[in-house]
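Some notes on the structure that comes next.
The values are calculated or read from the model by the stated rules, or taken from the named source; none is laboratory data. All values derive from a computational prediction rather than experimental measurement. So basically every Cβ, Gly included, is an ideal-geometry build from the backbone, and we count neighbours across all protein chains shown.
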Amino acid sequence: MEIKQIGIVGAGQMGNGIAHVMALAGYDVLLNDISQDALNAAMALIDKNLERQVARGKITAEAQAKAIARIKTTQVLTELGPMDLIIEAATERESIKEQIFDALIPHLAAHTILTSNTSSISITRLASRTDRPEKFMGFHFMNPVPVMQLVELIRGIATDEPTYAACKQVVDNLGKTAASAEDFPAFIVNRILMPMINEAVYTLYEGVGNVQSIDSSMKLGANHPMGPLELADFIGLDTCLAIMNVLHDGLADTKYRPCPLLTKYVEAGWLGRKTQRGFYDYRGDVPVPTR
């Protein structure tokens, strides 16, 4: 099937980035959120990010205007029903995702493909609650969406080939690269990345090094563009903890046990950049390590 209209649930960091790249690629986008303020903020940010691309010569001003015109917003979830493809990009909590799919199902067109941008939750389990497990899959973008080139496509046990092919065509049209992943906890990227971040937190917890020395070591010693603790702050410590819990619960291996210090930071509400404090304090002009 040819996908022309795309519905996106959630106008946060991931949702607005997905809307940005879809509209720029020529798709008609309907962006949903429960908050009108969130929708307004998303549209302003998309326009700002498109403007930045114009300034850098990546796109034309005409392309920016056309992309913005292709994005419509709504607070009414069920208005996404007729879309060809729906990408759920809400909070990384399974109960919330289930509520969204439960509300959507009675209003979906027969051909609509349902997908989730989840970074770790079982696609098979999410699909099993819907009326179309064969038309359900994982569509996992990396953050920030306009910059990162990879999209993980995750097939649930029931996902059929036409659904996979249609989603793969969308990724190709975006000019991004698709990586096919099987439906096991955290898929590919986070299965490898999150234990590394968790190990960096253990290294801090055990006093092997402080925040600065750990991040400097990985940037200068392993040529990583960001240190693991800096990256954890960028992702969100609550998201890192949630993914580690999915790995620990799903694979039952102690090597995935979340570091107690990571749990403590989350309990304190120090979630990284989005709360102004995490492994670094971002309230001043320059980020300052908190340990």
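Which numbered condition in (1) under 22 Å from Arg93 (Cα atoms); (2) modelled with pLDDT of 95 or more is the only one that Phe279 fails?
(1)
Is one or more of the residues making up segment 200-215 small (Gly, Ala, Ser), under 22 Å from Met148 (Cα atoms) and either surrounded by 15 or more Cβ atoms within 10 Å (Cβ to Cβ) or within 16 Å of the chain's Cα centre (by Cα) (or both)?
no
So the check is Cβ under 8 Å with 6+ separation or different chains; which pairs have a first residue in segment 158-169 that's more than 14 Å from Leu114 (Cα to Cα) and a second one that's assigned to a loop (DSSP other than H, G, I, E, B) and among the β-branched types (Val, Ile, Thr)?
Filtered contacts from segment 158-169: Gln169/Ile3.
Only residues that are in contact with a helix residue (DSSP H, G or I) (Cβ under 9 Å, 6 or more places away or on another chain) and polar (S, T, N, Q): list them for segment 24-54, please.
Asn32, Ser35, Asn49, Gln53
In this structure, does His107 turn out to be surrounded by fewer than 22 Cβ atoms within 10 Å (Cβ to Cβ), in contact (Cβ under 8 Å) with a residue 60 or more places away in the chain, under 17 Å from Phe136 (Cβ atoms) and not acidic (Asp, Glu)? Walk me through how you get there before you give the answer.
Values: surrounded by fewer than 22 Cβ atoms within 10 Å (Cβ to Cβ): yes; in contact (Cβ under 8 Å) with a residue 60 or more places away in the chain: no; under 17 Å from Phe136 (Cβ atoms): yes; not acidic (Asp, Glu): yes.
Considered against the rule, which asks whether it is surrounded by fewer than 22 Cβ atoms within 10 Å (Cβ to Cβ), in contact (Cβ under 8 Å) with a residue 60 or more places away in the chain, under 17 Å from Phe136 (Cβ atoms) and not acidic (Asp, Glu), His107 comes out as no.
Of all residues in segment 59-71, how many are assigned to a loop (DSSP other than H, G, I, E, B) and either at pLDDT below 95 or of a type in the set (A, V, I, L, M) (or both)?
Here the count works out to 1.
Give the residue that is surrounded by the most Cβ atoms within 10 Å (Cβ to Cβ), with candidates limited to residues of segment 271-281 that are in contact (Cβ under 8 Å) with a residue 24 or more places away in the chain and under 20 Å from the mean Cα position of the chain (by Cα).
Taking the candidates together, the pick is Gly278.
Examine segment 137-144 for a residue that is crowded, with 18+ Cβ neighbours inside 10 Å, in contact with a Cys (Cβ under 8 Å, 6 or more places away or on another chain), free of Cβ contacts under 8 Å to residues at least 40 places away in the same chain and closer than 22 Å to Gly81 by Cα, and state whether such a residue exists.
yes
Does Ile123 meet the test of being out of contact with any Gly (no Cβ under 9 Å at 6 or more places or on another chain) and either surrounded by 14 or more Cβ atoms within 10 Å (Cβ to Cβ) or among the hydrophobic types (A, V, I, L, M, F, W, C) (or both)? It would help to see each step written out before you state the result.
Working: out of contact with any Gly (no Cβ under 9 Å at 6 or more places or on another chain): no; either surrounded by 14 or more Cβ atoms within 10 Å (Cβ to Cβ) or among the hydrophobic types (A, V, I, L, M, F, W, C) (or both): yes.
Spelling it out, it is not the case that Ile123 is out of contact with any Gly (no Cβ under 9 Å at 6 or more places or on another chain) and either surrounded by 14 or more Cβ atoms within 10 Å (Cβ to Cβ) or among the hydrophobic types (A, V, I, L, M, F, W, C) (or both).
Would you be able to tell me the number of residues in segment 223-268 that are charged (D, E, K, R) and either surrounded by 15 or more Cβ atoms within 10 Å (Cβ to Cβ) or touching a strand residue (DSSP E or B) at 6+ places or on another chain (Cβ under 8 Å) (or both)?
Step one: filter segment 223-268 for residues charged (D, E, K, R), giving 230, 233, 238, 249, 253, 255, 257, 264, 267.
Now drop any that are not either surrounded by 15 or more Cβ atoms within 10 Å (Cβ to Cβ) or touching a strand residue (DSSP E or B) at 6+ places or on another chain (Cβ under 8 Å) (or both), which leaves 230, 233, 238.
Of the residues in segment 223-268, 3 are charged (D, E, K, R) and either surrounded by 15 or more Cβ atoms within 10 Å (Cβ to Cβ) or touching a strand residue (DSSP E or B) at 6+ places or on another chain (Cβ under 8 Å) (or both).
In segment 73-82, is there at least one residue being crowded, with 16+ Cβ neighbours inside 10 Å, among the hydroxyl-bearing types (Ser, Thr, Tyr) and at pLDDT 95 or above?
Checking segment 73-82: at least one residue is crowded, with 16+ Cβ neighbours inside 10 Å, among the hydroxyl-bearing types (Ser, Thr, Tyr) and at pLDDT 95 or above.
It is to be established whether one or more residues within segment 151-160 are more than 29 Å from Leu24 (Cα to Cα) and buried (at least 16 other Cβ atoms within 10 Å of the Cβ).
yes
Being surrounded by fewer than 18 Cβ atoms within 10 Å (Cβ to Cβ), among the aliphatic types (A, V, I, L, M) and not in a loop (DSSP other than H, G, I, E, B) narrows it down to one residue among Ala41, Ala19; which is it?
On the way: Ala19 fails: surrounded by fewer than 18 Cβ atoms within 10 Å (Cβ to Cβ).
Only one candidate qualifies: Ala41.
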